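Structure first, commentary second.
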C-alpha cells in the first residue's frame, strides 16, 4: 500500500523574491512529490535543488528543466500541478521503484529548495506519494553543466564528472541546433565511439520507444531505452568520456545529466 500525504508548509513562498524551503519528513520512501501551484509556473521555480544534508542530488536552473524531462519520458501532467518524480514509471515494472527516495537510514535533513521572483499571490501546497520504509540505495541524480562555444561546428565536452552510471544526456541550446551528437569513451585501451548520429536519428529511435523528444530546444541521448536497470552506462573505470555535439551556431550548451548513483557518489 502507498500513502498519499500532505507535506509541511513550504517556507518563503509569500516573500517577494523569496527563497523557499520544504522539509521532507524522514522514515518513509518517496515515489513522488506533487506541487499544487497557484500563480506559479515551473519556470518561476528557480535554482531548484533537492538536498540530503550537504549533498545535492538534484540541481537545476529551474523546475522547467524537470518538466522537460517529464515531457520526454511521457509522464502524465495536469494543469495546476507540477510533479517531482523519484520513482521512474518509464522503466520496466520490476525496477521502477528502485530509485524511489528511501529515507529509513537517513538522519540528515532532506530539503527541496528553490527561489521565486516577485509574483502576485503565489501559493504552493506539497503532497507526497510514499511507500513503506527502505534505505536510500540507488537514486537518480540530475545535474547541469554549461559549455560555451564561440563558433559553429563539431565541439567537444570533456569535463562532465564520471564515477556513477549515466542514464541519459539532454543537451539544451536556445536555438535547438545541436544537429549531431557523438559519445566517445576511453576505458584505457583507446577511444571508442559508442553513440553517434544526427538529431533526427536519435529522435526517430526515441519515439519508437515511447519517448517525446523536446526537439525545439534539446538533443537527447537516452541510454535506457529498454527500461532495465543494467542499461545505464558505467563510468567509474573510464579514463576519458567526451560528448561531441555539432552545433549550428555559437552560444552556450547546457548538458543535463541523469546519473544513477548512491548518495555519496558524484
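Computed from the coordinates by the stated procedures, all read-outs in this text should not be read as laboratory data. All of these numbers come straight from a predicted model, not from anything done at the bench. Please note: Cβ atoms are built from the backbone with ideal geometry, for glycine as well, and neighbour counts cover all protein chains shown.
Hey, what angle do you get for helix 199-208 against the long axis of the chain, alpha-carbon based, 0 to 90 degrees rounded to 10? The two axes meet at around 50 degrees.
Considering the chain, its Cα convex hull presents a mean projected area of 14.4 nm². Extending 7 Å from Cα along the Cβ direction at residue 14 and again at residue 225 yields two label points whose distance is 5.1 nm.
Were the residues from residue 76 through residue 1 laid out at 0.36 nm apart, the gain over their Cα-Cα distance would be 24.9 nm.
Averaging the sequence gap over all C-alpha pairs within less than 8 Å and six or more residues apart, then dividing by the number of residues, gives the chain a relative contact order of 26 percent.
Among 212, 135, sorting on how many other beta-carbon atoms sit within 10 Å of each Cβ, with the fewest leading, yields 135, 212. Mind jotting down the distance between the C-alpha centroids of region 135-177 and region 16-48, whole Å? Each part reduced to its Cα centre gives a spacing of 24 Å. Of the residues 166, 139, the one with the fewest other Cβ atoms within 10 Å heads the list, and the complete ranking is 139, 166.
The stretch between residue 216 and residue 179, if pulled fully straight at 0.36 nm per residue, gains 12.2 nm over its current Cα-Cα span.
Sorting 11, 45, 241 from the fewest to the most surrounding beta carbons within 10 angstrom yields 11, 241, 45. One quarter of the surface of the convex hull around the alpha-carbon atoms of region 152-266 equals 7.3 nm², the direction-averaged projected area.
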